[in-house]
Amino acid sequence: MDMRLNPSILAADFANLERDLARISSADFAHVDIMDNHFVPNLTFGLGMVERLQQVSPIPLDVHLMIDDPDRWAPGYAEVGAASVTFHAEAATDAVALARRLRDMGARAGIALKPGTPVEPYLELLQEFDQVLVMTVEPGFGGQSFIAETLPKIELLRSAIRRSGHDIWLQVDGGINEETILAAAGAGADTFVAGSSVFGADHPADKIAALRAAAASHRH
Ligand SMILES: O=C(CO)[C@@H](O)[C@H](O)COP(=O)(O)O
Ligand SMILES: [Co+2]
């Protein structure tokens with residue numbers, strides 16, 4: 001099974017994003033957290049910023065929308081060239097229609113679930129998505145601790161993805177470090193977002209390599 005390591009630039013230096021994107025060029029995607037101060041109690045950046053990051057990033061962008069009304073706003077991120085656009089199940093009015101629209105625009109379509117959101121309603125719809133994001137912290141802030149109670153949801157999704165026969169990426173986001181990545185990989189995650197552990201390291205490239213090696217050692 002392929003795996004991906006996506007550093008979150010939420011933990012980067014916002015005054016030096018081009019420099020920090022260069023520091024993570026050995027990663028698969030740069031994870032970009034969009035927060036609107038409504039869906040989550042924090043505010044980051046929006047479309048204009050993503051458009052510009054897209055122009056200077058050495059790796060493709062994995063956009064995580066923590067915003068209200070993604071049905072209205074998500075397609076704009078596909079339009080500026082984000083490789084993947086993930087919106088929250090709790091915020092979308094018509095998740096399937098939105099995912100189809102994102103795919104038509106050439107982006108990978110992702111659906112995200114907060115720690116307390118059950119996955120069962122989505123298990124029959126998995127083929128509509130290219131990736132599913134299981135939040136392993138409450139969305140809104142970096143630097144929180146991994147919530148181990150999310151592991152059964154990851155296991156359930158891994159089984160359902162396997163049964164579906166589709167190549168759907170299973171992403172985890174929040175509190176991922178060299179210890180917690182073992183549990184997430186063991187439960188079946190194959191795509192790992194890590195913010196503070198990568199950018200808090202003296203050498204982000206070395207940390208990316210160490211996280212990859214740890215995940216590979218516990219591959220499902
Ligand atoms: O979506 C989010 C937070 O809501 C994440 O992408 C964070 O940026 C992850 O940060 P760490 O927990 O790895 O510090
Ligand atoms: Co995120």
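The numbers here are math on the coordinates, done by the rules we state, and not lab data. Every value quoted in this text rests on a predicted model; they were computed, and no experiment measured them. Cβ atoms come from the backbone with ideal geometry, glycine included; neighbour counts cover every protein chain shown.
Overview of results
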quantity	calculated
Semi-axis lengths, Å, region 103-220, gyration tensor of Cα atoms, sqrt of 5 times eigenvalues	24, 15, 15
Residue of Phe192, Phe141, Phe129 that the Gaussian network model of the chain assigns the largest fluctuation, springs spanning Cα pairs under 10 Å	Phe141
Ellipticity estimate at 222 nm from DSSP helix runs (n ≥ 4, -39,500 (n - 2.57)) divided over the chain, nearest 500	-10000 deg cm²/dmol
Cα-derived Rg over Rh, computed across region 4-215 with Rh taken as Kirkwood radius	0.93
Least to most buried among Glu128, Glu120 (fewest other Cβ within 10 Å first)	Glu120, Glu128
Least to most buried among Tyr122, Tyr77 (fewest other Cβ within 10 Å first)	Tyr122, Tyr77
Kirkwood hydrodynamic radius over Cα pairs of region 1-103, then Stokes diffusion coefficient at 37 °C and 0.692 mPa s, in µm²/s	235
Gain upon complete extension [Gln127, Glu155; 0.36 nm per residue less C-alpha separation]	8.3 nm
Ranking of Thr117, Thr191 by count of other Cβ atoms within 10 Å, fewest first	Thr117, Thr191
Spread of Cα-to-Cα distances over 10 Å intervals beginning at zero, given as percent, for region 1-50	23, 49, 24, 4
Theoretical gain in end-to-end length, His166 to Asn37 [0.36 nm per residue, Cα-Cα removed]	43.0 nm
Computed E for Arg100/Ala216 - FRET, C-beta separation, R0 41 angstrom, nearest 0.05	0.75
Relative contact order of region 4-215, defined on C-alpha pairs under 8 angstrom at six or more residues apart (%)	20
